[in-house]
Amino acid sequence: TKSELDKVKKFTDKHYAKPDPQMYGIAKGRNVIIIHLESFQQFLVDKKINDQEVTPFLNSLYHSKDTYAFDNFFHQVGQGKTSDAENMLETSTFGLPQGSLFATLGSDNTFQAAPAILNQRAGYTSAVFHGNVASFWNRNNVYKNLGYQYFFDASYYDTSGDKATGYGLKDKLLFKDSVKYLQNLQQPFYAKFITVTNHFPYDLDDEDKDPNFQTTNTGDSNVDNYFVTAHYLDQSLAEFFNYLKKTGVYDHSIIMIYGDHYGISNSENPSLASVLGKNADNWTDFDNAQLQRVPLMFVIPNSGGHGYISHTYGGEVDVLPTLLHLLGISSKRYIQFGTDLFSKEHSQTVAFRNRDFVTPRFTSINGKIYNNRTGKEAKLTKKQQKQLERARELVNLELSLSDSLNEKNLLRFYHPKGFKTVNPADYNYSNGLK
Ligand code: GP9
Ligand code: MN
């Protein structure tokens, strides 16, 4: 396994992308607030139905001069869904080919993850706010291995009556009722909020609905309801931001917002086609792949107004090195499969968990290559064929090396400079700030 670890390290060293000096450290010392948008796809951004914006607040953030946003950012989850997204964003390694890494390896594996890195390198306090039972996705165990100091799960909230949905406390209540805990966290903090209301099958109590929002009538209730819960989630964000601004936390924070994975599954995409102005009759795998985009935004208040929408292609494994560099924390010493999205050396080949992949010009699905411009099967020159073969090799290699690292728990044998191994026994979530 020593040689296996060397193979992994050789790969990640070779693909390391050095930071863009313009971006490195622009959020240094700020609190990090992470907002995990459950099942939220990129097509919702700027989307209008019946002449109304579905997510007006998020749209205003997306176009703000304080925001660095990405419109070619893809989820890379497998069967672990939310937990795969969490794993990728906080370790920059992939989830597993089957099942959930959190559930199967999370209790015993050694991680070198964001909460521990930020605490050890820059004194960050770390906390997760998520109104579901702590054992869902084995989080109560995994978070201790990631180095989270606090985990405010359902037991910290009043979830009685109609305050919770199937997956936990409703989003507006999560943000509102977390305030008393958040304001007691020692700054700088790294605080992750995991929302749940916009979760399949997207039902919402009438009293929570916006009476002025008229959703679609495709006849597919998941599609029609999806816009209703996405609109609710957007309103919950607006409320949270008002709170952050009122208390002054806002100006001393960087707020990272992302969608964890798709909400509408491929089988329902034809019902969505008409809403997207597309024809359901000639809907292809290519169209399904394009809908795997999810939002990624870094909101950095009063940072000089240099925000923009980047068209760089990337995925969830790229987030950790990107965030570390924004905070002025070098990432080279860690084993991370992703690369800094702002770096000129960032590789724009985005691997999906099932070994399909997307590049700026081509999409490969079940071995078939589509031209992104036409959406049709690509006619490749010899040179393009070679490039795509190299892309496929990269995808297969990074996925198999990531699986080897995680399945053999190789980080046990890896000691990055200055990193103290996390001891899960150091954390006891029931003695939080309560
Ligand atoms: C469960 C919530 C939803 O706590 O995070 O998880 P998902 O079903 O998206 O994996
Ligand atoms: Mn999810």
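Things worth noting here:
- Relative contact order (%) - criterion: Cα under 8 Å, at least six apart; region: the range 250-321: 47
- Within the range 131-245: Cβ-based charge dipole about Cα centre, in debye rounded to nearest 20 (Lys, Arg +1; Asp, Glu -1): 740
- Less than 5 angstrom separates the built amide H of I309 from those of A69, all sequence-distant by 5 or more or on a different chain.
- Table column - 3J(HN,Hα) (Hz), the range 418-423, Karplus curve with 6.51, -1.76, 1.60, x for Gly and Pro: x, 8, 8, 4, 6, 10
- Too-long pairs where the Cα-Cα distance tops 19 Å, listed order kept, from K144/K192; K7/K382; K9/K192; K65/K245; K18/K81: K7/K382; K9/K192; K18/K81
- As a length-normalised measure over Cα pairs under 8 Å and 6 or more apart, the relative contact order of the range 203-313 settles at 28 percent.
- Most mobile of S364, S274, S265 in a GNM of the chain (Cα contacts under 10 Å): S274
- A simple rule links phi to the HN-Hα coupling: the Karplus curve 6.51 cos²θ - 1.76 cosθ + 1.60 with θ = phi - 60°, which for the range 32-44 gives 10, 10, 9, 10, 8, 8, 4, 6, 9, 9, 5, 5, 6 Hz, with x for Gly and Pro.
- Partners for K176 among aspartates and glutamates (Cα-Cα distance below 12 Å; same-chain residues under 8 apart left out): D158, E239
- Value of [θ]222 nm, deg cm²/dmol, for the chain, DSSP H segments ≥ 4, -39500 (n - 2.57) each, nearest 500: -9500 deg cm²/dmol
- Just checking the listed ones, R333, R390, R355: in the Gaussian network model of the chain with Cα springs under 10 Å, the one fluctuating most is R390.
- For K14, the aspartates and glutamates whose Cα comes closer than 16 Å to its Cα, not counting residues fewer than 8 places off in the same chain, are E4, D6, D318, D340, E345, E393, E398.
- Extreme residue, positive dipole direction of the chain, given options G168, F151, A273 (C-beta unit charges): F151
- Sequence-distant residues sharing a close amide H with T197 (under 5 Å, placed H): D171
- ³J(HN,Hα), Karplus 6.51/-1.76/1.60, whole Hz, each residue of the range 177-186, x for Gly, Pro: 7, 8, 3, 5, 7, 4, 6, 9, 6, 4
- Taken about its Cα centre, the chain carries a charge dipole of about 2080 debye when Lys and Arg each add +1 at the Cβ and Asp and Glu each add -1 at the Cβ.
- Relative to the globular-protein estimate of 2.2 N^0.38 Å, the Cα radius of gyration of the chain stands at 0.94.
- Within the shell of other residues whose beta carbon sits under 10 angstrom from the beta carbon of A164, the net charge comes to 0, with Lys and Arg scored +1 and Asp and Glu -1.
The numbers here are math on the coordinates, done by the rules we state, and not lab data. Quantities reported herein were computed from a predicted structural model and do not represent experimental measurements. When we count neighbours, we look across all protein chains shown, and the Cβ atoms used for this are built from the backbone with ideal geometry, even at glycine.
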